[in-house]
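Taking it in order: structure first as structure tokens, then the write-up.
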Amino acid sequence: MESPENGQTTDERRVDGPRLIIIGLILIILLLFGLLLAQCGDGAENDHNSDQETQVGTADASSSTEPPTTTVLASTATQTPTTVASSTSTTEAPATTSTTEAPQPVFDCTLSVEDGGLAGLNKDEDPTDVTTAVAAITDLCGAPDSDTGWQHQCLLDVPPDQLSDEKPLRIVSWGGLDLTFRRGYEVDWIEPPTVDEQGYPIVSPAEPSYGPAVYTDSGFLAKWNYYGLGSDGKQVQLTLEGGSIGDPMADVMATLSLSVDDIDEWAYEAFGRIVVNGPDGVYSSQIEAWDDDVAAAIENSVLTSFGWIQYCH
């Protein structure tokens with residue numbers, strides 16, 4: 001027997017019961033799923049907020065340490081010019097010194113010249129003997145750097161008939177200073193015979209003449225020459241009127257009020273040397289390239305030696 005209740009039969013209510021249970025379960029599941037999503041959202045938001053807090057904390061930490069960083073940078077910026085200036089100063093000092101202040105040579109001695117005489121040594125009248133001359137320069141400059149001993153050299157002012165097999169010259173040197181000594185010698189005047197061995201007169205007797213030179217163990221100062229600072233050995237300083245070794249020959253001659261007409265023509269033609277007589281000795285320049293124009297040769301040459309005339313030893 002059916003009892004109408006809410007317009008539904010008993011069978012219909014039996015069917016709706018399970019359906020309601022399923023719907024209820026679905027709602028519970030949805031509710032649980034919603035709660036789970038809410039918890040996940042809260043976790044993500046918390047993580048996001050945590051990241052923001054971390055970033056804010058980092059920013060705050062950065063801002064809190066920024067003044068020291070700024071101070072360090074400011075200090076570095078302040079110190080950098082000082083360091084650069086110090087470095088520049090340290091680097092530039094030697095460059096300035098080497099450029100403007102060339103190292104000066106250290107001289108072992110300084111010699112004087114007066115009227116062509118070196119350190120009081122005589123040449124012409126009563127020339128100084130070897131022992132005295134060497135001792136005089138040694139006292140001023142120390143022991144010589146080299147000594148050739150007696151040897152063969154060319155002698156332009158000794159007649160051929162007075163030469164012998166002996167070794168006539170000796171050169172003693174202190175750096176760029178050479179002292180040339182000539183060995184003492186004797187020459188006999190020979191009167192040729194006017195009669196032969198049998199006593200008969202010689203129709204054409206030979207002319208009287210000097211015999212060959214007979215050299216002795218003594219010697220005397222023949223000439224000296226100064227070539228400037230030597231690369232090795234003693235450093236001898238010699239102050240010259242008119243300039244120094246290595247100066248342009250034209251400037252030296254101008255200072256000495258000398259001209260082309262004052263040069264030794266024979267020395268120029270025979271040896272390619274510009275030779276002029278100055279107040280204290282002979283100024284000489286060995287030209288490197290022959291030039292028929294003497295004035296041009298003077299302009300292209302420098303002073304190479306000073307002393308007594310010397311074309312060869």
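Can you pull the one-decimal nm distance between simple spin-label points at Ala206 and Phe271, each 7 Å off the Cα toward Cβ?
3.3 nm
Enumerate the amide H contacts of Ala222 below 5 Å, restricted to partners 5 or more residues apart or on another chain; note that Pro and chain-start residues carry no placed amide H.
Thr180, Phe181, Arg182
Quick one: which residues, 5 or more positions from Leu118 or on another chain, have an amide H under 5 Å from its amide H? H modelled 1.01 Å from N in the peptide plane, none for Pro or chain starts.
none
Report the label-to-label distance for Ser244 and Asp126 in nanometres (one decimal), using points 7 Å from each Cα along the Cα→Cβ vector.
3.6 nm
So how far apart, in nm, are the two label points at Glu186 and Val214 if each is 7 Å from Cα heading toward Cβ?
It is 0.5 nm.
Based on other C-beta atoms within 10 Å, arrange Ile263, Ile245, Ile202 from fewest to most.
Ile202, Ile245, Ile263
Applying 1/(1 + (r/R0)^6) with R0 = 51 Å to the Cβ-Cβ distance of Asp196 and Val260, what FRET efficiency is obtained, to the nearest 0.05?
0.30
How far, in nm, would the chain grow between Ser112 and Asp251 when pulled straight, counting 0.36 nm per residue and subtracting the alpha carbon separation?
47.9 nm
Let me know the volume per residue of the alpha-carbon convex hull for the range 198-244, in Å³.
Enclosed volume per residue, from the Cα hull, is 234 Å³.
Read-outs throughout are calculated quantities, based only on the coordinates presented, and are distinct from any laboratory measurement. None of these values were measured; they are calculated from a predicted model. Positions of Cβ are generated from backbone atoms using ideal geometry, with glycine treated the same way; all protein chains shown enter the neighbour counts.
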